[in-house]
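The structure under discussion is supplied below as structure tokens; questions concerning it will follow.
The values are calculated or read from the model by the stated rules, or taken from the named source; none is laboratory data. Just so we're clear, the structure is a prediction, and the values are computed from it rather than from any experiment. Cβ atoms come from the backbone with ideal geometry, glycine included; neighbour counts cover every protein chain shown. To get the accessible areas, we keep the full protein, side chains included, count just its heavy atoms, and leave off ligands, DNA and RNA. Shrake-Rupley method; radii C 1.70, N 1.55, O 1.52, S 1.80 Å.
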Amino acid sequence: MRWCGRASGLARPRANQTTIGVLEHNLLGIPPEPGTAAALVVAFRRAGTCLTHRPLDVTTASDAQRIARCASCGNRMHLGDAGEWVVTAAS
Ligand SMILES: [Zn+2]
């Protein structure tokens, strides 16, 4: 019987360079390489938006409505009438 598992076929650990770049920026203040997706994410964040918001529910008992923060851009969000997370307009 032939061993069909080849070393090159094994799942290699996948590092998400974008996530790493953004985390380096967030945690260590290291600016991402220009032209990378991470640089784009940080640039979008500075513009107050991101490609895909990743709302994390941070609602507490004292909140009148469901509150979240985007894990990517940090924008405050709330659950809109349509049942979808929308960025809360800065007032
Ligand atoms: Zn976002």
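Can you tell me which residue is nearest to Asn26 (Cα to Cα) among those in region 74-85 that are aliphatic (A, V, I, L, M) and either surrounded by fewer than 17 Cβ atoms within 10 Å (Cβ to Cβ) or modelled with pLDDT under 90 (or both)? So that I can check it myself, show each step before the final result.
Residues of region 74-85 aliphatic (A, V, I, L, M): 77, 79, 82.
Then drop every residue that is not either surrounded by fewer than 17 Cβ atoms within 10 Å (Cβ to Cβ) or modelled with pLDDT under 90 (or both), which leaves 79, 82.
On the way: Leu79: 26, Ala82: 32 Å.
This residue is Leu79.
Six or more apart or on different chains, Cβ under 9 Å: which pairs go from a residue in region 62-80 that's among the small types (Gly, Ala, Ser) to one that's open to solvent by 90 Å² or more (accessible area, probe 1.4 Å)? Could you list them?
Taking only residues 6 or more apart or on different chains, the pairs are Ala68/Leu56; Ala68/Arg76; Ala71/Arg54; Ala71/Leu56; Ser72/Leu51; Ser72/Thr52; Ser72/Arg54.
Of the residues that sit in region 49-73 and are open to solvent by less than 70 Å² (accessible area, probe 1.4 Å) and out of contact with any strand residue (DSSP E or B) (no Cβ under 8 Å at 6 or more places or on another chain), which one is nearest to Ala89 (Cα to Cα)?
Cys73
Right, here's the next one. Checking Thr88 against (1) modelled with pLDDT of 85 or more; (2) crowded, with 17+ Cβ neighbours inside 10 Å; (3) within 13 Å of the ligand (Cβ to nearest atom), which single condition isn't satisfied?
For Thr88, the exception is condition (2).
In region 75-91, how many are assigned to a strand (DSSP E or B) and out of contact with any Pro (no Cβ under 8 Å at 6 or more places or on another chain)? Spell out how you get there, then give the answer.
Going residue by residue through region 75-91, those that are assigned to a strand (DSSP E or B) are 76-79, 85-87.
Next cut, out of contact with any Pro (no Cβ under 8 Å at 6 or more places or on another chain) only: 76, 78-79, 86-87.
Residues meeting the conditions: 5.
Answer yes if at least one residue in region 63-74 is in a loop (DSSP other than H, G, I, E, B) and not assigned by TED's automatic domain parsing to the domain that holds Trp85, and no otherwise.
Just the residues of region 63-74 that are in a loop (DSSP other than H, G, I, E, B), to begin with: 63-66, 71-74.
Still in the list and also not assigned by TED's automatic domain parsing to the domain that holds Trp85: none.
No: zero hits.
Whether any residue in region 19-26 is modelled with pLDDT under 90 and either hydroxyl-bearing (Ser, Thr, Tyr) or in the same structural domain as Trp85 (by TED's automatic domain parsing) (or both) is what I want to check.
Scanning region 19-26 turns up at least one residue that is modelled with pLDDT under 90 and either hydroxyl-bearing (Ser, Thr, Tyr) or in the same structural domain as Trp85 (by TED's automatic domain parsing) (or both).
So Thr59 passes all but one of these: (1) β-branched (Val, Ile, Thr); (2) under 19 Å from Leu23 (Cβ atoms); (3) more than 8 Å from the ligand (Cβ to nearest atom). Which condition number does it fail?
Of (1) β-branched (Val, Ile, Thr); (2) under 19 Å from Leu23 (Cβ atoms); (3) more than 8 Å from the ligand (Cβ to nearest atom), only one is false for Thr59: (2).
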